[in-house]
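Student: I am attaching a structure below and will ask some questions about it afterwards.
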Amino acid sequence: MGNSLKLENLSKNFVLRDRVVNALADVNFEILENEFVCIVGASGCGKSTLLRLIIGLEKDYEGSIQIGGVPIEKAENEVGMVFQESRLFPWLTVEQNVYFGLDERAISKTEKIRVAREQIELVGLSDFERAYPHQLSGGMQQRVSIARALVNNPKYLLLDEPFGALDALTRINMQQEILRIWQEEKTTMILVTHDIDEAIFLGGRIAVMSNRPGTIQKIFNVELPRPRERSDYDFIAIRKKIYREFFQESEKPFSYSI
Ligand SMILES: Nc1ncnc2c1ncn2[C@@H]1O[C@H](COP(=O)(O)OP(=O)(O)O)[C@@H](O)[C@H]1O
Ligand SMILES: [Mg+2]
């Protein structure tokens with residue numbers, strides 16, 4: 001439908017010397033434009049691999065990935081990505097880092113600077129255009145990464161545990177920020193997290209992945225109005241359901257960790 005991102009029968013194996021690691025098996029998932037989807041799963045279940053396939057960092061896989069019916073390989077710049085560590089160039093300023101994210105569209109340098117500054121403003125860092133990454137806090141560095149990922153105006157933004165390295169308060173602040181950006185920019189968000197509360201706070205749908213080989217085990221709809229309150233009865237009820245889904249899956253002691 002429309003410009004939906006469609007994953008069909010997606011599987012990915014890694015070959016390690018004489019061993020095959022089956023990282024993803026038969027992932028089927030359709031994400032609609034404008035959605036905010038969160039993906040949760042235990043460490044090693046294939047969450048990052050899934051995002052790397054979508055952004056095109058891994059080209060060797062089985063199955064298909066399409067946006068609006070077009071194979072992902074031909075849908076350039078429709079997808080941006082934010083990693084857990086900010087991956088900024090330490091020798092470039094905030095403005096230069098974001099500028100660097102621009103593709104080779106034939107626009108003038110002045111226009112490019114304008115676009116970069118607009119993104120920096122969107123993430124609330126206008127006063128820091130000339131700062132270097134080491135002069136910024138972890139939360140601010142992630143804001144720059146978000147600006148850089150959005151600079152080509154992608155339809156989809158993939159976020160791989162983007163707030164995982166931040167302290168609890170900064171993390172909550174960044175969750176509010178990403179919601180605001182989602183509401184302002186209408187970018188479809190696909191956020192991977194190991195934090196169930198984060199997923200419930202943000203997601204319209206939450207996909208729970210099974211342990212290796214990773215696949216979509218269950219999808220929860222979260223119909224609570226935003227902004228969501230973590231102490232609300234309905235919030236806690238969804239949290240219980242999701243935890244139950246995790247426990248049910250493994251007979252072993254709870255293996256859910258970073
Ligand atoms: N480049 C790689 N080579 C070999 N195995 C890999 C590679 N990348 C990931 N894997 C394996 O695939 C599985 C899924 O990894 P990953 O997607 O990073 O999980 P997650 O992000 O959910 O923690 C893990 O068992 C991991 O060891
Ligand atoms: Mg990962």
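Student: Say we look at the stretch 196-218 and pick out the residues that are among the hydrophobic types (A, V, I, L, M, F, W, C) and within 20 Å of Lys12 (Cβ to Cβ); which of these is nearest to the chain's Cα centre (by Cα)?
Tutor: Ala207
Student: Which of the helices (runs of 4 or more DSSP H) found entirely inside the stretch 83-164 contain at least 1 residues meeting this: away from ligand 1 (no atom under 16 Å from the Cβ) and within 22 Å of Asn34 (Cα to Cα)?
Tutor: Those helices (runs of 4 or more DSSP H) span 109-122, 138-150.
Student: Further, regarding this structure: If I filter the stretch 35-50 for residues that are polar (S, T, N, Q), within 8 Å of ligand 1 (Cβ to nearest atom) and either in a strand (DSSP E or B) or exposed (fewer than 14 other Cβ atoms within 10 Å of the Cβ) (or both), do I get at least one hit?
Tutor: For the stretch 35-50, residues polar (S, T, N, Q), within 8 Å of ligand 1 (Cβ to nearest atom) and either in a strand (DSSP E or B) or exposed (fewer than 14 other Cβ atoms within 10 Å of the Cβ) (or both): present.
Student: For residues that are of a type in the set (Phe, Trp, Tyr) and either surrounded by 10 or more Cβ atoms within 10 Å (Cβ to Cβ) or within 15 Å of Ser43 (Cα to Cα) (or both), scanning just the stretch 229-258, find the one that is modelled with the highest pLDDT.
Tutor: So the residue we want is Phe235.
Student: When Glu118 is evaluated against the numbered criteria (1) more than 16 Å from ligand 2 (Cβ to nearest atom); (2) farther than 28 Å from Glu177 by Cα; (3) of a type outside the set (Phe, Trp, Tyr), which criterion, by number, is the only one it fails?
Tutor: (2)
Student: Let me ask something else about it. Looking at the stretch 10-31, can you tell me whether even one residue there is within 21 Å of Gly203 (Cβ to Cβ), surrounded by fewer than 16 Cβ atoms within 10 Å (Cβ to Cβ) and modelled with pLDDT of 95 or more?
Tutor: Within the stretch 10-31, one or more residues are within 21 Å of Gly203 (Cβ to Cβ), surrounded by fewer than 16 Cβ atoms within 10 Å (Cβ to Cβ) and modelled with pLDDT of 95 or more.
Student: Follow-up. If the requirement is being among the β-branched types (Val, Ile, Thr), away from ligand 2 (no atom under 16 Å from the Cβ) and closer than 30 Å to Val20 by Cβ, which of these qualifies: Ile219, Ile200?
Tutor: Ile219
Student: Has the stretch 208-218 got any residue that is of a type in the set (Lys, Arg), closer than 18 Å to Leu53 by Cβ, touching a strand residue (DSSP E or B) at 6+ places or on another chain (Cβ under 8 Å) and surrounded by fewer than 20 Cβ atoms within 10 Å (Cβ to Cβ)?
Tutor: Yes, because at least one residue in the stretch 208-218 is of a type in the set (Lys, Arg), closer than 18 Å to Leu53 by Cβ, touching a strand residue (DSSP E or B) at 6+ places or on another chain (Cβ under 8 Å) and surrounded by fewer than 20 Cβ atoms within 10 Å (Cβ to Cβ).
Student: Specify which of the listed residues (Arg226, Arg230, Arg212) is within 16 Å of ligand 1 (Cβ to nearest atom), among the basic types (Lys, Arg) and outside any helix (DSSP H, G or I).
Tutor: Exactly one residue qualifies, and that residue is Arg212.
Student: Could you identify the single residue in Asp160, Asp167 that is within 16 Å of ligand 2 (Cβ to nearest atom) and surrounded by fewer than 22 Cβ atoms within 10 Å (Cβ to Cβ)?
Tutor: The conditions single out Asp160.
Student: Free of Cβ contacts under 8 Å to residues at least 40 places away in the same chain, assigned to a helix (DSSP H, G or I) and crowded, with 22+ Cβ neighbours inside 10 Å: does that describe Ile178?
Tutor: Considered against the rule, which asks whether it is free of Cβ contacts under 8 Å to residues at least 40 places away in the same chain, assigned to a helix (DSSP H, G or I) and crowded, with 22+ Cβ neighbours inside 10 Å, Ile178 comes out as yes.
This table checks each residue for (1) at pLDDT 95 or above; (2) touching a strand residue (DSSP E or B) at 6+ places or on another chain (Cβ under 9 Å); (3) polar (S, T, N, Q).
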| position | (1), (2), (3) |
| --- | --- |
| Arg105 | no, no, no |
| Gln119 | yes, no, yes |
| Gln135 | yes, no, yes |
| Ile146 | yes, yes, no |
| Tyr156 | yes, yes, no |
| Asp160 | yes, yes, no |
| Arg171 | yes, no, no |
| Met174 | yes, no, no |
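Student: Still on this structure, please answer the following. Conditions: (1) assigned to a loop (DSSP other than H, G, I, E, B); (2) within 13 Å of ligand 2 (Cβ to nearest atom); (3) not β-branched (Val, Ile, Thr). Asp60 meets all but one. Number of the miss?
Tutor: Only one criterion is unmet by Asp60, namely (2).
Student: Here is a further query. Go over the candidates Gln135, Gln142 one by one and state the one that is over 16 Å from the mean Cα position of the chain (by Cα) and surrounded by 12 or more Cβ atoms within 10 Å (Cβ to Cβ).
Tutor: Exactly one residue qualifies, and that residue is Gln135.
The values are calculated or read from the model by the stated rules, or taken from the named source; none is laboratory data. Note that the structure is predicted; figures quoted are calculated from it, not measured. Here the Cβ is made from the backbone with ideal geometry for all residues, glycine too, and neighbour counts use every protein chain on show.
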